[in-house]
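Below is one structure; the comments refer to it alone.
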Protein chains: 2
Amino acid sequence: MELSHLQQLARLIRSWIIRSTSEAGSGHPTSSLSATDLMTGLMFGGTFRFDPDNPAHPNNDRLIFSKGHASPLLYALWAAAGKIPEEELMTLRKFGSRLEGHPTMDFPYAEAATGSLGQGLSVGVGMALNAKYLDKLPYRTYVLLGDSEMAEGSQWEALQIAAHYGLDNLVGILDANRLGQRGETMYGHDLSAYERRIAAFGWRTVVIDGHDLEQICAAFLQSASHSGAPLMIIAKTYKGGGIPIIQDKEGRHGTALNAEEAALALETLGPVDRSLQGTITLPESTMTPAVTEQSAAPLAYAADKPVATRRAYGNALARLASRYPSLVALDAEVSNSTYADIFKKACPERFFEMYVAEQNMAGAALGLARRGKIPCVSSFAAFLTRAFDQFRMARYSNGNIKICGSHAGVSIGEDGTSQMGLEDIAMFRSILDNVVLYPSDAVSTERLVEEAIRHEGIVYIRTTRKETPVLYGNEEGFEIGGSRVVRKSEKDAITIIAAGITLHEAIAACDMLAAEGIHVRVVDLYSVKPIDREMLREVALETHAIITVEDHYPEGGIGEAVRSALFDCPVPVYSLAVRRMPRSGKPQELLDYENISRDAIMQKVKEVL
Amino acid sequence: MELSHLQQLARLIRSWIIRSTSEAGSGHPTSSLSATDLMTGLMFGGTFRFDPDNPAHPNNDRLIFSKGHASPLLYALWAAAGKIPEEELMTLRKFGSRLEGHPTMDFPYAEAATGSLGQGLSVGVGMALNAKYLDKLPYRTYVLLGDSEMAEGSQWEALQIAAHYGLDNLVGILDANRLGQRGETMYGHDLSAYERRIAAFGWRTVVIDGHDLEQICAAFLQSASHSGAPLMIIAKTYKGGGIPIIQDKEGRHGTALNAEEAALALETLGPVDRSLQGTITLPESTMTPAVTEQSAAPLAYAADKPVATRRAYGNALARLASRYPSLVALDAEVSNSTYADIFKKACPERFFEMYVAEQNMAGAALGLARRGKIPCVSSFAAFLTRAFDQFRMARYSNGNIKICGSHAGVSIGEDGTSQMGLEDIAMFRSILDNVVLYPSDAVSTERLVEEAIRHEGIVYIRTTRKETPVLYGNEEGFEIGGSRVVRKSEKDAITIIAAGITLHEAIAACDMLAAEGIHVRVVDLYSVKPIDREMLREVALETHAIITVEDHYPEGGIGEAVRSALFDCPVPVYSLAVRRMPRSGKPQELLDYENISRDAIMQKVKEVL
């Protein structure tokens, strides 16, 4: 496409940015304007390959707006491509519109929901990993980055891993417009500061004038042919670029132009040709051959040999690898503890070592998921707190991600408090519609890992460090939303609800109480969310009280989940949970110390009776 | 101290590392051994200044073990300083010992609880900021870093901000022992990879042999005299360094030597002189003059002028600045939205712009708190999820930190889902013993900010974007653990419990229902944790049902907090909360959409009646 045509298109896009945000009365016109020439050059300059009628085409180049607040630009670009009518642009930010304040999955051309800064490059890493190592497709992944968000550590996690994996199919476009939300960024227009850092992290860099379409198109041409390392196009731009009354001015971050300003802005922009349309190069038609699914081996756990559920997680991934060809695993440098390394040994080509960088691991998993993979990410449950923001955003991106947190609770023992996952159930329960599983033995872990893989959405699986007895037969089934009554009699006065390590304590307590003539029911609550309301209503009717026992802080945990499900039942729900500052010690000492051991359960039962 | 003496000390320390971990049967001897020469050189080589009899001395140099798993070394160092008897070293990792698996505040020489990687440098940044800009003291802050943890993005956040603030009183010591937990690190022994990156981030670097005490002492001497930028000592070391049977070997990360190996290791180490003691240079005696507290101005909110609680937060900080000279504020580049900028304008010298890097902001706040400041950190509630791991660890460090999350819930409106804090109550409730406050008007916000400042520990304050009516008189008091009944009659059938934006909806619903002859009680639950059990028991007795209303997901939120407090009361607790995927729109549209508006409350009341 000729430069003059691109310039005309950029002017049309600018006019839409101003008009749509002014119509909305809010939004980020200036952050959109700074990147307008860059994105016009990318999408319509000939380099970008995408079938606008088939956003799901596997060979489409991907474009992620990591600076999600530039959404008015994203929408205007697709209007310029003829896919969004001008009238729809004017619904920006209105209730019910697909064009939300920050991109969401309602917009068919959004690769991910963005708006929490510093996450898009990790998503791009996942997509580029997929193209280079898994599907072996020629698509390239472009990520539009803001300069403010380069302060996020997650960016540097993504930069380092992209270089480590030699992702020469990944291109960053750094829109260095100098101004953040409340003033100048750390480096302002010192582009060399970015260049030095990014180059030191192993990327190729090219510095351009981000408002010069000739330089822009040349840089993108380079992006199509370079190899060996990822490429960062560092562009000097102006916030509000192209609109003199707001260009490079402070205090204009998240503010629309008022009617008067908008009129003046459009006037300085001059007349635009609304019939203009940009053309996007179509992608190649090559496809990845489909891989045949094979059946998985049956389970064969010995009833008398304890197995840690974390090991069963690794076993499950390896066992299910051939049945689910889309399954991939990522781990944050602890695969010999989470036992993701069992999968790594079985399928090294489908395992990605993500090093001690949990945020980027989560973001990359989202990128892989968006390209059709089923990523299973693992680390210690405690360290998954590091990526809460990424998991939250993955949900908004409809991410199909499985997350395993090992080393749950004080029962890990001597390593001490910092290594204990004690808030992970609360964290993952708080994510909309997701699933939280907490198996107690090897068989249920294996079954639930498969259920997680089959479930579309985010699933969290909590595993235990210690070896625990195998409770179930190899043929038994377990389902999301289910539970298992593991001890029951006609005379049960109280129901104990537990999962993971505390289920074994509850069973021991139950058996010891039975010897004393006290009968309690014990339920394995392996599906914490969704929770088995039917079972809960039943035990609420059939027994006088419920005691929940969990190796987790009380807030947001199993006790609160049970109480919420029984919100209108008059049955009392007592909670045994971690309530004292945990410390180092033997697992059983710590279960006792926190009053979640068999002894504590027996005592509580007697107290409640 | 002579080199030969230091070498003898290092051998003694190595023997203790081996013996204490072998006695414990677990722990990280190899990660301790790689840094033994470095830390011996630092502490006993003459550079480090510390009064072992007064760990709280304001002029003590600070030493943070960011690689907390090297705790056996930390304990052995203080044994070598004569402050820990050898017998106590042998209690390592045992229940009740001060010497936990990773350093905790039980150990008097731990500057912070560490063990979640990549956090110590941020803590160091906070301490160095304090020395350079606030207390203007000559102490230096040293941070021992592992090479694996350099993959954490939080490290690069800390590196960039340290250079930005010219923290030449901050020294990093990178123990590059090549091996992570499950194998080689990303860069192995390519020290130039670290040097390039760290130098590009604006630090001075010096590369040394980390087992050569002469080079080590020379580097620390340099740390005492350099200026203008922070200094990173990049040391080539060997994991298990000095003990041939384990040195530089894979598969020896978190494993103690067995009895046979330990005997062999001690034999190759040769005889050690257990009477040796290292001498630490004493610190200067200069002190910061105490600042006189002044009284704060009274509140003067007009009853008829709505004020956003986020603005009241900023007002409170500025108003209380002279009363609490230790108060400082940090914000993540959104101070014009959180209104921390009101404090910045009032006290620029006590405000730190931390840019869009929430993890480092949280860690730096902990460092400031550990040096006696009361840091108030702010960002959008949604983006605080980014620093969950840091907040979790700050609790274990007994951090006295106040956290303000603005833009809570769907009521922010058009900006959309990514910007809405909808899981922050769940996150902060799950932290042991901390406080969660959620004021609804300007007066209670101001009072609760002061209560937060006066409270020792972590306090989370949730604020609202929208302007809301002033509900309370300027003289009214509010306390942690309290609540306020704002509507009450003799005939109340139901109690509505709300906070923040939904309290205003509840009041409106109550007044409209009263016009229809339906009487409900309304409670302002401004202290979500601790919660006012007494009030809850009272309303549970006096009314037939409770309806909680919150602009937050149901899990871990106000509804579950109330249910937990009423675990043995038969009163039903209905919860109105955010249950549908949020989107862009007008605040009131979104409150309606999520069924947490006045209309939804009225409907629910009628349904429950």
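The values are calculated or read from the model by the stated rules, or taken from the named source; none is laboratory data. Just so it is clear, the model here is predicted, and its values are computed rather than measured. Virtual Cβ from ideal backbone geometry, glycine too; neighbours counted across all protein chains shown. The protein model used for the area step is the full one, side chains on, heavy atoms only, and it has no ligands, DNA or RNA in it. Shrake-Rupley method; radii C 1.70, N 1.55, O 1.52, S 1.80 Å.
The table below lists the values:
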{"quantity": "Computed E for B:N258/A:L264 - FRET, C-beta separation, R0 60 angstrom, nearest 0.05", "calculated": "0.15"}
{"quantity": "Computed E for A:Q222/B:R537 - FRET, C-beta separation, R0 60 angstrom, nearest 0.05", "calculated": "0.30"}
{"quantity": "Solvent-accessible surface (1.4 angstrom probe) belonging to B:M105, in square angstrom, nearest 10", "calculated": "40 Å²"}
{"quantity": "Anisotropy class of the protein assembly as shown from Cα gyration tensor, a/c 1.5 cut", "calculated": "rounded"}
{"quantity": "Loop trypsin sites (Lys or Arg not before Pro), segment B:105-161, which have at most 14 other Cβ atoms in a 10 Å radius of their Cβ (DSSP)", "calculated": "B:K136"}
{"quantity": "Average beta carbon contacts from partner chains per residue of A:109-116, 10 Å cutoff", "calculated": "3"}
{"quantity": "Segment A:116-189: C-alpha gyration tensor shape, a/c 1.5 cut-off, then a/b vs b/c", "calculated": "prolate"}
{"quantity": "For segment B:239-253, Karplus couplings with θ = phi - 60° (6.51, -1.76, 1.60), whole Hz, Gly/Pro x", "calculated": "4, x, x, x, 10, x, 5, 10, 4, 6, 9, 6, x, 10, 6"}
{"quantity": "Qualifying trypsin sites (Lys or Arg not before Pro) for segment A:451-501 [loop in DSSP, other Cβ within 10 Å: at most 14]", "calculated": "A:K491"}
{"quantity": "Contact order normalised by residue count of segment A:435-569, Cα under 8 Å, 6+ apart, percent", "calculated": "28 percent"}
{"quantity": "Acute angle (nearest 10 degrees) that the helix A:533-542 long axis makes with the longest principal axis of chain A, alpha-carbon atoms", "calculated": "30 degrees"}
{"quantity": "Nearest-first distances (nm) between copies at B:M512, label 7 Å from Cα via Cβ", "calculated": "5.6"}
{"quantity": "Rounded accessible area of B:L541 (nearest 10 Å², 1.4 Å probe)", "calculated": "150 Å²"}
{"quantity": "Ascending list, in nanometres, of distances separating the B:E607 label from those of the other copies (7 Å, Cα toward Cβ)", "calculated": "3.6"}
{"quantity": "For chain A: relative contact order, % (alpha-carbon pairs under 8 angstrom, 6 or more apart)", "calculated": "12 percent"}
{"quantity": "Longest segment of chain B lacking GluC sites (Glu not before Pro) that sit in a DSSP loop with at most 14 other Cβ atoms within 10 Å", "calculated": "B:3-249"}
{"quantity": "Among B:H5, A:M90, A:I374 - extreme Cα towards positive end, dipole of the protein assembly as shown, charges at beta-carbon", "calculated": "B:H5"}
{"quantity": "Chain B, dipole about Cα centre (Lys/Arg Cβ +1, Asp/Glu Cβ -1), debye to the nearest 20", "calculated": "380 debye"}
{"quantity": "Within segment B:531-609, chymotrypsin sites (Phe, Trp or Tyr not before Pro) in DSSP loop having at most 13 other beta-carbon neighbours inside 10 Å", "calculated": "none"}
{"quantity": "Charge dipole magnitude, Cβ of K and R +1, D and E -1 - segment B:233-369, Cα centre, debye nearest 20", "calculated": "600 debye"}
{"quantity": "Other copies of A:L276: label-to-label distances in nm, shortest first, labels 7 Å along the beta-carbon direction", "calculated": "7.6"}
{"quantity": "Charge dipole (segment A:470-547, unit charges on Cβ, about Cα centre) - positive-most of A:A540, A:A515, A:G473", "calculated": "A:A540"}
{"quantity": "Check: segment A:58-121 dipole with +1 on Lys, Arg Cβ and -1 on Asp, Glu Cβ, in debye", "calculated": "140 debye"}
{"quantity": "Rounded to 10°, Cα long-axis angle of helix B:213-223 versus longest principal axis of chain B", "calculated": "40 degrees"}
{"quantity": "Lys/Arg +1, Asp/Glu -1 at C-beta; segment A:129-256 dipole; positive extreme among A:A158, A:L213, A:Y139", "calculated": "A:Y139"}
{"quantity": "Ranking by accessible area, most exposed first, for B:R310, A:R19 with a 1.4 Å probe", "calculated": "A:R19, B:R310"}
